[in-house]
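Participant: The structure is given below, and queries will be raised subsequently.
The values are calculated or read from the model by the stated rules, or taken from the named source; none is laboratory data. Computed from a prediction, not measured in an experiment: that's the story for all the values here. So basically every Cβ, Gly included, is an ideal-geometry build from the backbone, and we count neighbours across all protein chains shown. Side chains included, ligands, DNA and RNA excluded: accessible areas come from the protein's heavy atoms. Shrake-Rupley method; radii C 1.70, N 1.55, O 1.52, S 1.80 Å.
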Number of protein chains: 2
Amino acid sequence: MTKTRIAVDMDEVIADALTAMRSWARSAYQREWTDDEMAGRSMGELLGKDGLAALHAHMHEGEFFRHLPVIDGAQAALRALAADHEIFITTAAMEFPLSLKFKREWLDEHFDFLNPLNFVFCGDKSIINADFLIDDHARHFRRFVGQGILFDGHHNVQVNDFPRLKHWRDAESLIENLKRR
Amino acid sequence: MTKTRIAVDMDEVIADALTAMRSWARSAYQREWTDDEMAGRSMGELLGKDGLAALHAHMHEGEFFRHLPVIDGAQAALRALAADHEIFITTAAMEFPLSLKFKREWLDEHFDFLNPLNFVFCGDKSIINADFLIDDHARHFRRFVGQGILFDGHHNVQVNDFPRLKHWRDAESLIENLKRR
């Protein structure tokens, strides 16, 4: 029997880009948001057009992606899931070409128990052939062949069309439930 | 109706890594092979264990991938195919992490008519969801969901299990024939 294959996004799923964006906004704009202010709002809505352009310019340099904290519980959950599943890391890296090297280094540091041949740097995730895709952006599920699982984030609180993963500690039980459907 | 999706490998399919390897062998080892000597033989068989290690060390620096010639006919064929098909570039870049940046730059230079969101840098190509995969290594077809098309190369002359693309000029007619099967 072939193993169930789980594709996992990086930013705001296993890599805490949000904390890094918040600290960038704090130092660049002296802006500080409460969780309530952020709920349901994209970075564009929070920062405005010029602010978002400045953030993207910072991200385009690439090193932003090297120093992100790991999302709480991601390492333990993926290590456990990897025993019985094929895990692929599938990240939309093509928007920030200089991030490629740094994303790879980050994965090598924090997820050294995964096979680098299972790292996928892409753009349009409809190219991914997997049973599940854990991602914080529901747009990636639209043409995805498998079942999307929405990783909980401030910007997706209003999305209700997909099973939601609130915390990595719930990943194994959620996936087992979805497999039984 | 959704468009037929064609995934296309880079090295020895659209990027002429072989010519670059031959000129590396010429300058590093004063080795020169005829096409007959190369037929059916891998770089490991041609160079020996130490030679292959030296070639890989050179490739690991990454810049090797920036200056490859374009395979004859690849641009015209992909430009024509892109009118009626979804084209993705799917390259096993994870073995040479420093190649990521250079491969992206190469694609931006030589295939600027393709959408960068359709570039996929991966390792294990069973993750690719496409109707066709044009690749010079049949091992990538083993777990691939679609139809493999073997791009002709010196190292795969003995492989007979897949439709063979001898030259890019034949790509459109071969794919139309395979679609009718």
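Participant: Tally the residues that are surrounded by fewer than 21 Cβ atoms within 10 Å (Cβ to Cβ) and among the small types (Gly, Ala, Ser), restricting the search to segment A:149-181.
Facilitator: The total comes to 2.
Participant: Here is a further query. Where residues in segment A:134-148 are of a type in the set (D, E, K, R) and either out of contact with any Lys or Arg (no Cβ under 9 Å at 6 or more places or on another chain) or open to solvent by 40 Å² or more (accessible area, probe 1.4 Å) (or both), which of them is farthest from B:Ile6 (Cα to Cα)? Break it down into steps so the answer makes sense when it comes.
Facilitator: Taking segment A:134-148 first, the residues of a type in the set (D, E, K, R) are A:135-136, A:139, A:142-143.
Filter once more, keeping what is either out of contact with any Lys or Arg (no Cβ under 9 Å at 6 or more places or on another chain) or open to solvent by 40 Å² or more (accessible area, probe 1.4 Å) (or both): A:136, A:139, A:142-143.
Values: A:Asp136: 27, A:Arg139: 22, A:Arg142: 19, A:Arg143: 16 Å.
Only one residue tops the list, namely A:Asp136.
Participant: Which residue is nearest to the chain's Cα centre (by Cα), if the candidates are limited to segment A:23-59 and must be surrounded by 12 or more Cβ atoms within 10 Å (Cβ to Cβ) and within 17 Å of A:Phe102 (Cβ to Cβ)?
Facilitator: Top of the filtered list is A:Met59.
Each row is one residue, and each column tells you yes or no for (1) more than 8 Å from chain B (Cβ to nearest Cβ); (2) touching an Asp or Glu at 6+ places or on another chain (Cβ under 9 Å).
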residue	(1), (2)
A:Glu95	no, no
A:Leu100	no, no
A:His110	yes, no
A:Leu114	yes, no
A:Leu117	no, yes
A:Cys122	no, no
A:Ala130	no, yes
A:Ile134	yes, yes
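Participant: Looking only at segment B:74-119, how many residues end up being of a type in the set (A, V, I, L, M) and in contact with a Cys (Cβ under 9 Å, 6 or more places away or on another chain)?
Facilitator: The first filter runs over segment B:74-119 and keeps only residues of a type in the set (A, V, I, L, M), leaving B:74, B:76-78, B:80-83, B:87, B:89, B:92-94, B:98, B:100, B:107, B:114, B:117.
From the residues that got through so far, the ones that are in contact with a Cys (Cβ under 9 Å, 6 or more places away or on another chain) too are B:92-94, B:117.
So the answer is 4.
Participant: I'd like to check which strands (runs of 3 or more DSSP E) are fully inside segment A:66-181 and have at least 2 residues that are more than 19 Å from B:Cys122 (Cα to Cα) and not small (Gly, Ala, Ser).
Facilitator: Details: elements: A:86-92, A:119-122, A:132-135, A:147-151.
Strands (runs of 3 or more DSSP E) meeting the threshold: A:147-151.
Participant: Output the residues belonging to segment A:96-133 that are closer than 30 Å to A:Asn177 by Cβ, open to solvent by less than 60 Å² (accessible area, probe 1.4 Å) and among the charged types (D, E, K, R).
Facilitator: Within segment A:96-133, A:Asp124, A:Lys125 meet the criteria.
Participant: Is there a residue in segment A:93-100 that is within 12 Å of the chain's Cα centre (by Cα), over 23 Å from A:Ile175 (Cα atoms) and among the small types (Gly, Ala, Ser)? Write out each step before concluding.
Facilitator: Filtering segment A:93-100 down to residues within 12 Å of the chain's Cα centre (by Cα) leaves A:93.
Checking which are over 23 Å from A:Ile175 (Cα atoms) leaves us with A:93.
In the following step, the residues that additionally are among the small types (Gly, Ala, Ser) were identified as A:93.
Yes, the conditions are met somewhere in segment A:93-100.
Participant: Residues to consider are B:Gly48, B:Gly44, B:Gly40; find the one that is within 29 Å of B:Asn160 (Cβ to Cβ), more than 14 Å from every other protein chain (Cβ to nearest Cβ) and assigned to a loop (DSSP other than H, G, I, E, B).
Facilitator: On the way: B:Gly48 fails: assigned to a loop (DSSP other than H, G, I, E, B); B:Gly44 fails: assigned to a loop (DSSP other than H, G, I, E, B).
Going through B:Gly48, B:Gly44, B:Gly40 in turn, the sole match is B:Gly40.
Participant: Looking at this structure, is B:Gly62 under 20 Å from the mean Cα position of the chain (by Cα), surrounded by fewer than 19 Cβ atoms within 10 Å (Cβ to Cβ), farther than 20 Å from B:Leu165 by Cα and at pLDDT below 95? Quick ask: steps written out before the conclusion?
Facilitator: On the way: under 20 Å from the mean Cα position of the chain (by Cα): yes; surrounded by fewer than 19 Cβ atoms within 10 Å (Cβ to Cβ): yes; farther than 20 Å from B:Leu165 by Cα: yes; at pLDDT below 95: yes.
So B:Gly62 fits the description; yes.
Participant: Shifting gears a bit: Out of (1) closer than 26 Å to A:Lys103 by Cα; (2) within 14 Å of another protein chain (Cβ to nearest Cβ); (3) modelled with pLDDT of 90 or more, what's the single condition that is false for B:Glu86?
Facilitator: (1) is the only condition that B:Glu86 fails.
Participant: Could I ask something else about it? Is it the case, given these coordinates, that B:Ala93 is touching a residue at least 24 places away in the same chain (Cβ under 8 Å) and loosely packed, with under 14 Cβ neighbours inside 10 Å? Spell out how you get there, then give the answer.
Facilitator: Details: touching a residue at least 24 places away in the same chain (Cβ under 8 Å): yes; loosely packed, with under 14 Cβ neighbours inside 10 Å: no.
Against the criterion (touching a residue at least 24 places away in the same chain (Cβ under 8 Å) and loosely packed, with under 14 Cβ neighbours inside 10 Å), B:Ala93 does not qualify.
Participant: Filter segment A:63-89 down to residues that are over 30 Å from A:Asp131 (Cα atoms) and either in contact with a Ser or Thr (Cβ under 6 Å, 6 or more places away or on another chain) or free of Cβ contacts under 8 Å to residues at least 40 places away in the same chain (or both), then give me how many there are.
Facilitator: Number satisfying all stated conditions: 1.
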